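K.L.:
Sharing a structure below in structure tokens format, with a few things to ask.
The values are calculated or read from the model by the stated rules, or taken from the named source; none is laboratory data. What you see is a predicted model; the values in this text were computed from it and never measured. When we count neighbours, we look across all protein chains shown, and the Cβ atoms used for this are built from the backbone with ideal geometry, even at glycine. The protein model used for the area step is the full one, side chains on, heavy atoms only, and it has no ligands, DNA or RNA in it. Shrake-Rupley method; radii C 1.70, N 1.55, O 1.52, S 1.80 Å.
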Amino acid sequence: CFHQHRKGKFEMKIRIIGCSGSGKTYFAKRLSQKYNIPNYDLDDIQWDNSQNSYGVKMPVEKRNQMLNDILQQPEWIIDGVYYAWVQRSFEEADMIYVLNMPKYLYSFRIIKRFINRKIGLENGKKETLKSVYNLLKWTDTFQKTNMKDIIKILEPHKNKVVFIKKKAEMYRILAD
């Protein structure tokens with residue numbers, strides 16, 4: 001399922017999707033290091049992080065152009081929660097990983113990330129306690145509702161979809 005080019009190196013296009021706190025960024029970074037493939041976080045395309053306030057969206061035309069620029073590259077790893085405006089990333093991916101982790105794990109990670117950003121251990125968005133609370137509520141809804149939509153959308157691509165429901169499964173893929 002991977003494309004070999006002249007120098008014998010395999011090119012891969014990998015799409016990772018899952019809720020906030022599911023481990024998308026961690027998994028994408030480790031796969032990027034393992035295969036020496038550039039990694040792109042869809043949050044950097046969806047949100048205008050150059051703004052002073054939290055939650056300012058990128059203009060749609062600019063967002064779509066940035067995504068198209070990534071998709072035209074011979075290899076990539078794209079991670080993010082988004083699925084409606086990124087259909088082409090599923091079509092063009094050689095492998096799609098769906099991170100469907102338990103609630104206790106993603107909730108803990110969201111809170112831990114917020115604390116680490118507040119005390120300066122992690123760079124990131126300018127979140128507030130209220131925005132983290134809303135993110136936890138949104139993530140529960142995402143898992144109950146949106147994940148069903150994602151599974152339906154991925155049905156035509158099921159031959160290249162891998163569901164990951166435990167940390168151990170992710171670590172096994174990274175170790176192979």
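K.L.:
Run residue 89 past the list (1) at pLDDT 90 or above; (2) open to solvent by less than 60 Å² (accessible area, probe 1.4 Å); (3) closer than 22 Å to residue 127 by Cβ and report the number of the one that doesn't hold.
P.N.:
Failing condition for residue 89: (3).
K.L.:
Return the pair list, or none, for Cβ contacts closer than 7 Å from residues in the stretch 33-53 that are open to solvent by 50 Å² or more (accessible area, probe 1.4 Å) to residues that are of a type in the set (S, T, N, Q) and modelled with pLDDT under 90, at least 6 apart or on different chains.
P.N.:
none
K.L.:
Starting from residues that are polar (S, T, N, Q) and touching a residue at least 24 places away in the same chain (Cβ under 8 Å), keep the ones in the stretch 58-95 and report whichever is farthest from residue 148 (Cα to Cα).
P.N.:
73
K.L.:
Identify all residues within the stretch 156-172 that are over 14 Å from residue 15 (Cβ atoms), in contact with a strand residue (DSSP E or B) (Cβ under 9 Å, 6 or more places away or on another chain) and either of a type in the set (A, V, I, L, M, F, W, C) or open to solvent by 80 Å² or more (accessible area, probe 1.4 Å) (or both); write none if there are none.
P.N.:
165, 170
K.L.:
Out of curiosity, is residue 116 part of a helix (DSSP H, G or I), farther than 21 Å from residue 135 by Cβ and either of a type in the set (Ser, Thr, Tyr) or at pLDDT below 95 (or both)?
P.N.:
no
K.L.:
Taking the stretch 131-168, which residues are assigned to a helix (DSSP H, G or I), among the aliphatic types (A, V, I, L, M) and under 22 Å from residue 85 (Cα atoms)?
P.N.:
135, 147, 150, 151, 153, 154
K.L.:
Within the stretch 132-152, can one find any residue that is within 26 Å of residue 11 (Cα to Cα) and modelled with pLDDT of 90 or more?
P.N.:
Looking through the stretch 132-152, at least one residue is within 26 Å of residue 11 (Cα to Cα) and modelled with pLDDT of 90 or more.
K.L.:
Would you check which residues across the stretch 59-86 are of a type in the set (Asp, Glu), over 15 Å from residue 44 (Cβ atoms) and modelled with pLDDT of 90 or more and list them?
P.N.:
Listed by number, the list holds a single entry, 75.
K.L.:
Within the stretch 75-92, track down each residue that is closer than 22 Å to residue 143 by Cβ, out of contact with any Gly (no Cβ under 9 Å at 6 or more places or on another chain) and among the hydrophobic types (A, V, I, L, M, F, W, C).
P.N.:
78, 84, 85, 90 - these are the residues of the stretch 75-92 that are closer than 22 Å to residue 143 by Cβ, out of contact with any Gly (no Cβ under 9 Å at 6 or more places or on another chain) and among the hydrophobic types (A, V, I, L, M, F, W, C).
K.L.:
Enumerate the pairs (first residue in the stretch 4-31 and under 16 Å from residue 101 (Cβ atoms); second residue anywhere and at pLDDT 90 or above and of a type in the set (Asp, Glu)) with beta-carbon separation below 7 Å, excluding pairs fewer than 6 apart on the same chain, so at least 6 apart or on different chains.
P.N.:
Final answer for the pair search is 16/79; 24/79; 25/41; 25/79; 28/79.
K.L.:
Still on this structure, please answer the following. Given the condition open to solvent by 80 Å² or more (accessible area, probe 1.4 Å), free of Cβ contacts under 8 Å to residues at least 60 places away in the same chain and closer than 13 Å to residue 18 by Cβ, answer yes or no: does some residue in the stretch 101-118 qualify?
P.N.:
Within the stretch 101-118, one or more residues are open to solvent by 80 Å² or more (accessible area, probe 1.4 Å), free of Cβ contacts under 8 Å to residues at least 60 places away in the same chain and closer than 13 Å to residue 18 by Cβ.
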